[in-house]
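What follows is one structure encoded as structure tokens, with my remarks underneath.
The values are calculated or read from the model by the stated rules, or taken from the named source; none is laboratory data. Computed from a predicted model, the values in this text were never measured in an experiment. Cβ atoms come from the backbone with ideal geometry, glycine included; neighbour counts cover every protein chain shown. Ligands, DNA and RNA are stripped out before the accessible areas are found, and what is left, the full protein with its side chains, is counted by its heavy atoms. Shrake-Rupley method; radii C 1.70, N 1.55, O 1.52, S 1.80 Å.
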Amino acid sequence: MAHFDENPLGPHLPLDPLPGHSSLGRLERVLRRGEFAVTAELNPPDSANPEDVYERAAIFDGWVDGINAVDASGANCHMSSVGICALLTRMGYAPIMQIACRDKNRIAIQGDVLGAAAMGVCNIMCLTGDGVQAGDQPGAKPVFDLDCMSLLETVRIMRDNAKFLSGRKLTTPPKVFLGAAINPFAPPYDFRPYRLAKKIEAGAQFVQSQYCFDVPMFREYMKKVRDLGLHEKCYILVGVGPMASAKTAKWIRSNVPGIHIPDQIIARLEGAQDQKKEGKQLCIDIINEVKEIEGVSGIHVMAYRQEEYVAEIVHESGVLKGRKPWTREPNPVDSLVAERLEEARAGKEQNQQEMAEIAAHHPH
Amino acid sequence: MADPKPGNAAPAKKAATGAYTPAGVSPNRRARHKYTVRLWAVRHSRFFEWFYNRFAAAFLLLHPVWKLFGYERVERPITFVERHVKGFLFDCRMCGQCALSSTGMSCPMNCPKQLRNGPCGGVRANGNCEVEPDMPCVWVQAWKGSQNMVNGNAIMNVQKPVNQSLRETSSWLRVTAEAAAARETAGRDA
């Protein structure tokens with residue numbers, strides 16, 4: 001039987017519309033049903049081979065509800081998020097397309113939103129983007145024509161009012177579930193909850209947070225968020241991820257902007273026999289702590305270059321509670337086709353009449 | 001090259017190779033060494049808010065004068081004055097659509113990402129900018145400035161994207177012309 005979040009006519013097709021849902025996608029359904037959602041980040045390939053994308057997505061199969069297609073994260077060049085999403089939607093995955101304001105102006109962005117929605121992208125995540133200085137091409141021109149807030153508003157206007165930012169009409173608006181990012185771990189700390197309120201006002205329906213290593217700090221933030229009643233207007237997914245070693249953690253802390261790693265985390269990693277295993281355990285421990293915080297609707301696992309551990313982390317933390325997210329099952333006809341092709345290649349005579357008879361009266 | 005700036009992986013890597021990198025280079029502009037006046041203006045945001053309200057009222061009173069000469073004709077000298085006064089006080093970038101009263105008197109166009117709606121996620125723990133490690137984050141300052149202001153809550157408003165075609169034009173005159181037009185329509189309706 002097909003998964004209940006799958007169009008019976010094909011996994012790549014949009015789902016039936018449901019009342020109160022703004023997209024035809026799986027992620028929104030999972031969140032609105034009140035289930036604990038899991039999303040992961042796909043490491044974008046530096047190649048033009050679609051198989052690279054499929055392989056990297058297959059690792060998450062059956063463990064995540066959405067796959068983030070990053071838009072040149074850290075200002076490093078990779079396959080574009082539009083391209084990754086085009087490939088993923090063909091296979092029926094539920095990609096979350098990230099759009100960073102760093103590389104595209106409002107004309108390009110609005111065009112991409114329409115193109116992506118036409119290809120079946122149901123989730124769009126609006127980001128400001130890292131500065132170009134952080135990446136492999138620091139000489140590039142930073143665009144930043146919109147910021148994440150005006151980008152959210154732009155896409156919301158396109159969806160709800162069926163209009164471009166200029167006011168020109170759209171014949172079919174993009175049906176997308178809108179996301180944004182939060183970072184509770186960077187100053188000005190007391191402004192951060194209000195910034196989330198602004199993002200919700202601009203159109204954010206779900207947010208994914210930056211890596212959470214400081215649970216007490218996050219708890220403090222969530223308390224403020226609950227006081228403002230924001231957790232009822234928006235689904236909050238906490239960013240988590242394994243650290244490969246204490247050395248990596250230290251490097252990230254001093255070289256990647258916006259990631260806050262407390263000293264005791266590094267001390268815990270340093271003190272471990274097997275740092276990689278400890279990093280994974282630490283991630284599971286953090287998941288178990290944050291999932292209990294009121295207002296948290298899911299986790300976003302960022303296991304950069306350790307994607308193979310995502311399944312293990314999700315399984316061991318038990319956040320899915322036995323639920324099985326959609327997984328890509330091979331088409332039952334595929335094996336038959338492969339067999340026939342093999343026969344044709346071997347030069348075996350095929351009786352067309354007989355095969356037509358079978359196809360007509362004994363369908364699969 | 002002096003010490004590589006912490007927090008920027010790529011420039012630090014380049015510096016480690018020993019290749020020549022000119023000092024104070026940033027992808028957006030030559031980094032400034034002092035932000036004294038700008039920071040002072042933020043610390044006195046309440047005074048500037050009060051002063052600007054008086055100033056805007058005076059400008060509106062002069063509306064018949066601007067109209068007599070024609071807004072197009074006074075545009076150039078006023079823009080000149082505005083650029084230099086605001087340039088000195090706030091490091092104004094002449095975006096032509098001033099948001100200072102909504103941003104705690106800290107000009108958001110000084111942010112390397114030109115964010116007009118709040119800080120990005122890259123702010124350093126010491127409150128400095130991710131892109132320019134020596135510069136205090138414009139939005140950390142804006143939040144502080146807005147806390148001193150009577151109408152500081154304006155920082156919660158979602159700002160529209162910048163209209164790039166209004167660059168290098170006078171924000172003072174536009175606000176005055178709009179206020180005068182609003183006053184006239186209100187007068188006509190009454």
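Numerical summary
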{"quantity": "Flag if B:Glu184 is on the phi < 0 side of the Ramachandran plot and either more than 14 Å from chain A (Cβ to nearest Cβ) or at pLDDT 90 or above (or both)", "calculated": "yes"}
{"quantity": "Residue list for segment A:89-108, restricted to those being out of contact with any strand residue (DSSP E or B) (no Cβ under 8 Å at 6 or more places or on another chain) and open to solvent by 10 Å² or more (accessible area, probe 1.4 Å)", "calculated": "A:Arg90, A:Met91, A:Asp103, A:Lys104, A:Asn105, A:Arg106, A:Ile107, A:Ala108"}
{"quantity": "Residue list for segment A:160-198, filter: small (Gly, Ala, Ser) and open to solvent by 10 Å² or more (accessible area, probe 1.4 Å)", "calculated": "A:Ala162, A:Ser166, A:Gly167, A:Ala181, A:Ala197"}
{"quantity": "Residues that are part of a loop (DSSP other than H, G, I, E, B), charged (D, E, K, R) and either open to solvent by less than 40 Å² (accessible area, probe 1.4 Å) or over 22 Å from B:Thr36 (Cα atoms) (or both), drawn from segment B:74-102", "calculated": "B:Asp91"}
{"quantity": "Residue in segment A:318-326 that is surrounded by 19 or more Cβ atoms within 10 Å (Cβ to Cβ) and either touching a Cys at 6+ places or on another chain (Cβ under 6 Å) or basic (Lys, Arg) (or both) present", "calculated": "no"}
{"quantity": "Condition check for A:Asp130: among the acidic types (Asp, Glu), in the same structural domain as A:Glu55 (by TED's automatic domain parsing) and surrounded by fewer than 24 Cβ atoms within 10 Å (Cβ to Cβ)", "calculated": "no"}
{"quantity": "Condition met for A:Leu178 (part of a helix (DSSP H, G or I) and either at pLDDT 95 or above or facing chain B (nearest Cβ under 8 Å) (or both))", "calculated": "no"}
{"quantity": "Hits in segment A:145-155 - residues which are out of contact with any helix residue (DSSP H, G or I) (no Cβ under 6 Å at 6 or more places or on another chain) and either within 7 Å of chain B (Cβ to nearest Cβ) or in a loop (DSSP other than H, G, I, E, B) (or both)", "calculated": "A:Asp147, A:Ser150"}
{"quantity": "The listed residue being out of contact with any Phe, Trp or Tyr (no Cβ under 6 Å at 6 or more places or on another chain), closer than 22 Å to A:Ile284 by Cβ, within 11 Å of chain B (Cβ to nearest Cβ) and in contact (Cβ under 8 Å) with a residue 24 or more places away in the chain, out of A:Tyr211, A:Tyr221", "calculated": "A:Tyr211"}
{"quantity": "Residue match in segment A:6-13 (condition: under 26 Å from A:Val333 (Cβ atoms) and in the same structural domain as A:Glu232 (by TED's automatic domain parsing))", "calculated": "no"}
{"quantity": "Any hit, segment B:171-179, residues being more than 14 Å from chain A (Cβ to nearest Cβ) and free of Cβ contacts under 8 Å to residues at least 40 places away in the same chain", "calculated": "yes"}
{"quantity": "Unique match (being within 30 Å of A:Ile261 (Cα to Cα) and touching a helix residue (DSSP H, G or I) at 6+ places or on another chain (Cβ under 9 Å)) among B:Lys160, B:Lys113, B:Lys144, B:Lys86", "calculated": "B:Lys144"}
{"quantity": "Subset of segment A:106-144 [in a loop (DSSP other than H, G, I, E, B) and either more than 7 Å from every other protein chain (Cβ to nearest Cβ) or touching a His at 6+ places or on another chain (Cβ under 9 Å) (or both)]", "calculated": "A:Gly120, A:Val121, A:Cys122, A:Gly129, A:Gln137, A:Gly139, A:Ala140, A:Lys141, A:Val143"}
{"quantity": "Test: residue in segment A:348-362 that is assigned by TED's automatic domain parsing to the domain that holds A:Met217, at pLDDT below 95 and in a helix (DSSP H, G or I)", "calculated": "no"}
{"quantity": "Positions within segment A:27-42 being open to solvent by 30 Å² or more (accessible area, probe 1.4 Å) and either part of a helix (DSSP H, G or I) or among the polar types (S, T, N, Q) (or both), in sequence order", "calculated": "A:Arg29, A:Arg32"}
{"quantity": "Tally of residues being within 12 Å of another protein chain (Cβ to nearest Cβ) and more than 17 Å from B:Cys120 (Cβ to Cβ) across segment B:155-169", "calculated": "5"}
{"quantity": "Residue in segment B:103-121 that is at the interface with chain A (Cβ under 9 Å from one of its Cβ atoms), surrounded by fewer than 24 Cβ atoms within 10 Å (Cβ to Cβ), outside any helix (DSSP H, G or I) and without any contact (Cβ under 8 Å) to a residue 12 or more places away in the chain present", "calculated": "yes"}
{"quantity": "Residues satisfying the stated conditions in segment B:126-135, i.e. part of a loop (DSSP other than H, G, I, E, B) and more than 7 Å from every other protein chain (Cβ to nearest Cβ)", "calculated": "B:Asn126, B:Cys129, B:Glu132, B:Pro133, B:Asp134, B:Met135"}
{"quantity": "Residue that is nearest to A:Val38 (Cα to Cα), among those in segment A:221-236 that are under 25 Å from the mean Cα position of the chain (by Cα) and among the hydrophobic types (A, V, I, L, M, F, W, C)", "calculated": "A:Ile236"}
{"quantity": "Unique match (being surrounded by 14 or more Cβ atoms within 10 Å (Cβ to Cβ), among the aromatic types (Phe, Trp, Tyr) and at pLDDT below 95) among B:Tyr71, B:Tyr52", "calculated": "B:Tyr71"}
{"quantity": "Residue pairs meeting the criteria (Cβ under 8 Å; at least 6 apart or on separate chains; first assigned by TED's automatic domain parsing to the domain that holds A:Glu41 and closer than 21 Å to A:Val132 by Cβ, in segment A:64-84; second of a type in the set (Lys, Arg) and surrounded by 21 or more Cβ atoms within 10 Å (Cβ to Cβ))", "calculated": "A:Ala72/A:Arg102; A:Ala75/A:Arg102"}
{"quantity": "From A:His12, A:His21, residue being open to solvent by 60 Å² or more (accessible area, probe 1.4 Å), not in a strand (DSSP E or B) and not hydrophobic (A, V, I, L, M, F, W, C)", "calculated": "A:His12"}
{"quantity": "Segment A:260-294, subset open to solvent by 20 Å² or more (accessible area, probe 1.4 Å) and within 14 Å of another protein chain (Cβ to nearest Cβ), residue nearest to A:Val319 (Cα to Cα)", "calculated": "A:His260"}
